[in-house]
Amino acid sequence: MTQAEKTMLQKSRKILVVEDDAAMLQVINGQLQSHGYETVLASSADEAEAILNEQLIPIVICDKNMPRRSGLDLCRSLRQNPKTRGVYFIMITALGTPDEKVRALNEGVDDYLSKSPKPNELLARLKVAHRILDLQEQIVELERAAAAMAVVTTLAHEINNPLTGLLGFLELSQQRLNRTPLNEENLEKIKKMLERVHEQGKRIEAVVKKLMELRQYSTKTYLNNIEMIDLSVQMLKESQAEK
């Protein structure tokens, strides 16, 4: 095993081990701790679910056959909970039929461990788990970066037009003040220009407010494949929600 692989396997990640057999629980716990993992132990599905609702643990190693609630039932319940549906779930089981394994995978199980797993098998499964979790983290970071870029692009586009108008009206007002006498007619024209400045300022304020309140959004592709947040869709959704 390379040093890079050892580093990946020994990352500071908690693992929740769920096993009703106390002796087997201690065997797996010892194997994990000997390789630098921090473990949390549970002897039932109910106890495991309560732990996961209190703290984020990315990897769960769980026995399939337990009293009251099976490991598969726990996995199914975790997948239905937004707080826990992203955990990597490894099932400990004796050799089952292919149909049973397919069913478990369809229910949300990510991988299998044989009963009384050997240390090299356990570490190999965890290596896969870490690789997948790392890829998921990278995807989340890319999505965050894309969302941030969409916000920046939207700000540049949506604010640029009213800002250009605002600055133009201010410049015209300044020129009129500098070049013409302040008679009633000119004051009225300046007043109208300032009203337009106020309108453009309110447009900018509305865009900024919508972006600050944004939780879910749609994007729209413009020229040169530029992605921007479609504020018109967001405003329509909010308008419909208010009715």
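Tabulated data
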read-out	value
Sites E205 and E137, calculated FRET efficiency, Cβ-Cβ separation with R0 51 Å, nearest 0.05	0.90
Local net charge near E199, Cβ-Cβ under 14 Å (Lys/Arg +1, Asp/Glu -1)	+3
Under-5 Å amide H pairs with N65, H placed in peptide plane, nonlocal only	G71
Amide proton proximity set for V40, modelled H, under 5 Å, gap of 5+	I15, L16, V17
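Bear in mind that the values in this text are calculations on the coordinates, not laboratory data. Bear in mind the structure is a predicted one, so any value in this text is a computation, not a measurement. Neighbour counts run over all protein chains shown; Cβ positions are idealised from the backbone, glycine included.
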